[in-house]
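The values are calculated or read from the model by the stated rules, or taken from the named source; none is laboratory data. All values derive from a computational prediction rather than experimental measurement. Glycine gets a Cβ as well: all are built from the backbone with ideal geometry, and neighbour counts include every protein chain shown. We work out accessible area using only protein heavy atoms, side chains counted, and drop any ligands, DNA or RNA first. Shrake-Rupley method; radii C 1.70, N 1.55, O 1.52, S 1.80 Å.
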Amino acid sequence: MNSLILLVEDNVKNMKLLRDVLHATGYTTLEASTGAMAIRLATDRSPALVLMDIRLPDMSGLDVLQRMRMDKRTASIPVLAVTAEAMYGDRERLENAGFDGYLSKPIDIDELLATVPEHCMHPG
Amino acid sequence: MASPVRPQHRLIWKYTSVVVMLVAAAIMSVGITEFYFASEDGKRAVTGVEADKASSAATSIGQYIDDLLLSLDTVATSAEVDRMQMFGRLLARQGLLSQLTYLDATGRACVRAYSFDANQVNNRDCDRDRSNAAAFSGARADGRYFGEVAFDDRDARPHMVIAVAEHPPGGGVIVADVDLRSELQDAIERARIGDAGYAYAVNARGVVIAHPDRNVLLAQTSFATLPQVQAALGADVTILADVLTSGRHPDGREVLSAYQRVDPTGWWVFVEEPLTEAFAPIESAIWRTALLLVVFLVVATVTSVLLARNLVRPIESIQVAAAQIGSGALGQRIDVTSRDELGALSEEFNRMAARLQASHAGLEQEVQERTKELATTLATLDEKSRQLEAASHHKSEFLANMSHELRTPLNAISGFSQVLRKQLFGEINAKQAEYLDDILASSRHLLSLIDDVLDLSKVEAGQIELHVAPFSLREALEWGVVTVGERATKGDVRVSLSSDPAVDTVIGDERRITQVIFNLLSNAVKFTPPGGEVDVATARLDGEISVSVSDSGPGIALEDQERIFEEFQQAAVGKEQREGTGLGLALSKRLVELHGGRIWVQSAAGTGSTFVFTLPPPRGRDT
């Protein structure tokens, strides 16, 4: 499988971790370090999955999700929250907001590799 | 505003009726007494006058009869030879003698003389025998005789026969026919009093012999049934005169009557006046009294009403003012200017009201000041609360940031280590693998440290909100047992759960209680040596639900048992193991206490430990 995954992450090292792990396991990635860039890439490239950090420099990952859900072209793309917002209640809050899944930082690589294929939209 | 209480019995009418009754009683008693004595005096005066009149009339009539008797006696005692001459003279002198007759000893009429022809005295030979006449026998028996008063058919005048016996006794009798009209009528005419008064005379049987009404007279009416006549006729012979205030006129009217006996004949003269007439002067006096009574009553009523009003009005003012003050109009004063007790009362009342007002004003001012203070305090409090809220918001924001900022680098550390350990990019040797495991263990430790510190900070800051709802305690315990199962299996620790079937649903924050259960279980598994046992049990004690986690670990010395619930405090064993954050029990204690429960440990060194926490029973339900 060669699914295209959009990574939205402003921390360079964490971006590198995700990219390397996913490349190593056969995924293709797009990278966005801001919300605006994420929306543009999602719209232009129709990724099979978005892994979204919540705290972004220009906007909240929640806002990005809302914008994507309102656009017909991106509304059906699955989005997983990958966030250090892992305090009590955060998981429910994000899932209720419409994220398809939730991975807390520090991420468990096994969990990541198990969750991603579950949510990937298979092309066609 | 409450209206003043309406008195049921008004003072004004009480006072008025009492005064009016007193005045009426006084005036009536005076009036009645006055009337009684006036009427008694009046009766006495009237009957006095009547008695005088009756007396003089009776005396006059009696005198006349006496005179007549005296003249007849003179003739009777004179020698027979002179009799003719004396008859003539007597007839001439006594104009009312209409006829004189001399009856000899045998009763024959011997001499007769008539007044209309006084000089023509018939001296016949004693022709008619009159020895059977009452006059003859009466006079011969008693020396004198009075005949009945009779009315002559010719002139309708009252006539009476008077007979006198000759002296010495056994001789003849002189019989005189007397015309009584002028004497009797004149006498009773003279005796009448007032306008309606009248006088009359009756004989010894009560038959009228003189009366102003000629018809009464001629009919020879008997008055014997009239009470005054009865009284007179029935009186003792010694009684010559008397009065009767309850006499009757033949027509039934009440009369005041005085009567006097005409001595020689036994007749009675009555002088009478109708009561109404007699009382006319008294009556006007009574009317005057009655009028005065009415006037006095009116005056008394008006006066007492005014008096009572004067008395009651201040009381009413006081009442009204009291009611108004009672309903809050503290400025109300009573306008009573009298200098009596009521004035004093009003003044006292006004003073009281003023004091009340002053104290009320003071109170109000105080209330205002306090209210202002309260408002200031509230504003301050509000400000403080806003600041607190802001601070709290900042704090929770800080905590969230803290968590985020710590987790972000930890993500890279842990993530890259995992990638290396998984040898995604090439093989590593055993030493490198061991080091990577150490790094991962440390980062897990660091992560739980971060979580616990932040949780604890939240509890301390009061930031934890419990999501209280009913949940199954049994399921939470089962989840806890499963969660620690892998580690227990690794450490060769057997974990058992013995749940009291009576305990299932409890009310609380499921995640927080689960956190406590997990903390206690993982501690127990952690400190239990291989081959040991961990037992989880629930029970219900005095309504409380308790969860106990027992292990067969090294136990906790008594001196450590309190301390282990404090932050960063671990028992000696825990320190040796260099594992755990030292925050788990502190956090568990806070969370249990937030639920209103308690947590404690029962242990002794070398005998294992039992951690117990309780939850209050679910309110309103029994299971």
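When the residues of segment A:21-44 are filtered to those that are under 13 Å from A:Leu112 (Cβ atoms) and open to solvent by less than 20 Å² (accessible area, probe 1.4 Å), the one that is nearest to the other protein chains (Cβ to nearest Cβ) is A:Val21.
Can we say B:Ser392 is closer than 30 Å to B:Gln463 by Cβ, surrounded by 14 or more Cβ atoms within 10 Å (Cβ to Cβ), more than 10 Å from chain A (Cβ to nearest Cβ) and polar (S, T, N, Q)? The answer is yes for B:Ser392. Scoring B:Ile318 on the criteria (1) touching a residue at least 12 places away in the same chain (Cβ under 8 Å); (2) closer than 30 Å to B:Leu454 by Cα leaves a single failure, condition (2). In this structure, does B:Asp242 turn out to be crowded, with 16+ Cβ neighbours inside 10 Å and touching a residue at least 40 places away in the same chain (Cβ under 8 Å)? When the stated conditions are applied, B:Asp242 does not pass them.
Please indicate, with yes or no, whether at least one residue in segment B:395-410 is open to solvent by 90 Å² or more (accessible area, probe 1.4 Å) and either at pLDDT 85 or above or under 30 Å from A:Ala24 (Cβ atoms) (or both). Yes; the residues of segment B:395-410 include at least one that is open to solvent by 90 Å² or more (accessible area, probe 1.4 Å) and either at pLDDT 85 or above or under 30 Å from A:Ala24 (Cβ atoms) (or both). Checking each residue in segment A:49-97 for being modelled with pLDDT under 90 and not charged (D, E, K, R) picks out A:Thr83, A:Ala84, A:Ala86, A:Met87, A:Tyr88, A:Gly89, A:Leu94, A:Asn96, A:Ala97. Per the conditions (1) assigned to a loop (DSSP other than H, G, I, E, B); (2) closer than 15 Å to A:Gly35 by Cα, the sole criterion not satisfied by A:Val64 is (1).
Per-residue answers, yes or no, for (1) under 30 Å from B:Leu456 (Cα atoms); (2) part of a strand (DSSP E or B):
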{"site": "A:Leu7", "(1), (2)": "no, yes"}
{"site": "A:Asn14", "(1), (2)": "yes, no"}
{"site": "A:Leu30", "(1), (2)": "no, yes"}
{"site": "A:Met37", "(1), (2)": "no, no"}
{"site": "A:Ala75", "(1), (2)": "no, no"}
{"site": "A:Ala86", "(1), (2)": "yes, no"}
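Listed here are the strands (runs of 3 or more DSSP E) enclosed by segment B:139-186 that have at least 2 residues being of a type in the set (Ser, Thr, Tyr) and without any contact (Cβ under 8 Å) to a residue 24 or more places away in the chain, and there are none. Of all the listed residues (A:Leu103, A:Leu113, A:Leu18, A:Leu56), the sole one being within 14 Å of another protein chain (Cβ to nearest Cβ) and closer than 26 Å to B:Gln515 by Cβ is A:Leu103. If the condition is being assigned to a loop (DSSP other than H, G, I, E, B) and loosely packed, with under 13 Cβ neighbours inside 10 Å, then segment B:328-357 contributes B:Gly328, B:Gly331, B:Asp335, B:Thr337, B:Arg339, B:Asp340. Scanning segment B:41-82 for residues that are closer than 30 Å to B:Val111 by Cα, without any contact (Cβ under 8 Å) to a residue 24 or more places away in the chain and of a type in the set (A, V, I, L, M) gives B:Leu70, B:Ala79, B:Val81. Cβ separations smaller than 7 Å between residues 6+ apart or across chains give the following pairs from segment B:530-546 residues that are farther than 16 Å from B:Thr610 by Cα to residues that are open to solvent by 40 Å² or more (accessible area, probe 1.4 Å): B:Pro530/B:Asp492; B:Gly531/B:Asp492; B:Arg540/B:Asp500; B:Arg540/B:Ala502; B:Gly543/B:Pro617; B:Glu544/B:Pro616; B:Glu544/B:Pro617. Selection over segment B:533-549 of residues that are crowded, with 20+ Cβ neighbours inside 10 Å and within 21 Å of B:Glu486 (Cβ to Cβ) gives a count of 3. A single entry from B:Ala196, B:Ala201, B:Ala224, B:Ala191 fulfils the requirement of being hydrophobic (A, V, I, L, M, F, W, C) and farther than 22 Å from B:Glu277 by Cα: B:Ala224. Counting the residues of segment A:69-94 that are more than 10 Å from chain B (Cβ to nearest Cβ), open to solvent by 10 Å² or more (accessible area, probe 1.4 Å) and out of contact with any strand residue (DSSP E or B) (no Cβ under 6 Å at 6 or more places or on another chain) gives 8. Could you tell me whether segment B:398-421 includes any residue that is more than 14 Å from chain A (Cβ to nearest Cβ) and not in a loop (DSSP other than H, G, I, E, B)? No: segment B:398-421 contains no residue that is more than 14 Å from chain A (Cβ to nearest Cβ) and not in a loop (DSSP other than H, G, I, E, B). Here B:Val506, B:Val484, B:Val516 are screened, and the one residue that is modelled with pLDDT of 90 or more and crowded, with 20+ Cβ neighbours inside 10 Å is B:Val516.
In this entry, A:Asp58 passes the filter for residues that are free of Cβ contacts under 8 Å to residues at least 40 places away in the same chain, assigned to a loop (DSSP other than H, G, I, E, B) and open to solvent by 20 Å² or more (accessible area, probe 1.4 Å). Consider B:Gly266 carefully, then state whether it is under 56 Å from the mean Cα position of the chain (by Cα), loosely packed, with under 15 Cβ neighbours inside 10 Å and among the small types (Gly, Ala, Ser). Spelling it out, it is not the case that B:Gly266 is under 56 Å from the mean Cα position of the chain (by Cα), loosely packed, with under 15 Cβ neighbours inside 10 Å and among the small types (Gly, Ala, Ser).
Checked against (1) open to solvent by less than 70 Å² (accessible area, probe 1.4 Å); (2) modelled with pLDDT under 80; (3) out of contact with any helix residue (DSSP H, G or I) (no Cβ under 6 Å at 6 or more places or on another chain), B:Thr289 passes all but a single condition, namely (3). Report whether or not B:Leu381 is of a type in the set (A, V, I, L, M, F, W, C) and either surrounded by 13 or more Cβ atoms within 10 Å (Cβ to Cβ) or within 14 Å of chain A (Cβ to nearest Cβ) (or both). No.
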